[in-house]
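The values are calculated or read from the model by the stated rules, or taken from the named source; none is laboratory data. Here the structure is a predicted model, which is why all the values come from computation and not from measurement. Here the Cβ positions follow ideal geometry from the backbone for every residue, glycine too, while neighbour counts run over all protein chains shown.
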Amino acid sequence: MSYSDIEAQAQALLQALATYDDEDVTRGDERVLDRGSPPYVVLKPGPFRREPGSVHRVKVATWAVHLELYTRHFGDGTEWTDLQTYRDEIMATFDKYPKLNNLDGVMEAEVKSGGEPWERKDAAGGGPHFLVQRLVLQVKERVAVSGGEYA
């Protein structure tokens, strides 16, 4: 198991929602913002930590997957209610799959926090074009250590 597997599973769970086309949920690819059909979610790696587990030759890794949620900015207030709706749907999805649909090694997965929403402008400073909020999906993974000095 690895961070990459966890991020791929989170992406698959979001892509399964009727709100998103498969292309609307990417792993670090912000070119999706040019598609013209928000909302979008861009997954990016966040901080992590590893600790010894309670059993010999087992570690516990705690990964943060940043889920950057984008919705179109119109300036009429609807972007705020849209953002809330999409955010709530994402949180409800991970509440239903606390082990990322039983992904091997995952002990728990939960949206633990969300940052302050911000407005994203284009490269020339025009806009804003999107309202963005970063949600933090925290995933605890059990990692068995083998090989090396454990062989």
Margin query: Return the residues of region 97-115 that are closer than 17 Å to Pro47 by Cβ and hydroxyl-bearing (Ser, Thr, Tyr); say none if nothing qualifies.
Written below: Ser113
Next item on the list: Would you check which residues across region 41-74 are under 22 Å from Glu30 (Cβ atoms) and free of Cβ contacts under 8 Å to residues at least 12 places away in the same chain and list them?
Entry: Phe74
Item checked: Residue list for region 128-151, filter: at positive phi and either β-branched (Val, Ile, Thr) or not in a loop (DSSP other than H, G, I, E, B) (or both) -> Gly148
Checklist line | Hey, Leu131 surrounded by 16 or more Cβ atoms within 10 Å (Cβ to Cβ), in contact (Cβ under 8 Å) with a residue 24 or more places away in the chain, closer than 20 Å to Leu33 by Cβ and in contact with a helix residue (DSSP H, G or I) (Cβ under 8 Å, 6 or more places away or on another chain) or not | finding: yes
Next item on the list: Output the number of residues of region 25-51 satisfying the condition of being farther than 23 Å from Gly127 by Cα and in contact with a Phe, Trp or Tyr (Cβ under 7 Å, 6 or more places away or on another chain).
Entry: 2
Notebook entry, point to check: Considering region 13-33 alone, what residues qualify as being assigned to a helix (DSSP H, G or I), over 16 Å from Leu131 (Cβ atoms) and in contact (Cβ under 8 Å) with a residue 60 or more places away in the chain?
Noted result: Leu13, Leu14
Note to self: So, in region 24-43, how many residues would count as being in contact with a helix residue (DSSP H, G or I) (Cβ under 9 Å, 6 or more places away or on another chain) and at pLDDT below 95?
What the structure shows: 4
Item checked: Exclusive hit being closer than 15 Å to Leu131 by Cβ, among the aromatic types (Phe, Trp, Tyr) and out of contact with any helix residue (DSSP H, G or I) (no Cβ under 7 Å at 6 or more places or on another chain), set Tyr3, Tyr86 -> Tyr86
Margin query: Residue under question is Ala18, and the condition is that it be of a type in the set (A, V, I, L, M) and under 20 Å from Glu141 (Cβ atoms); does it hold?
Written below: no
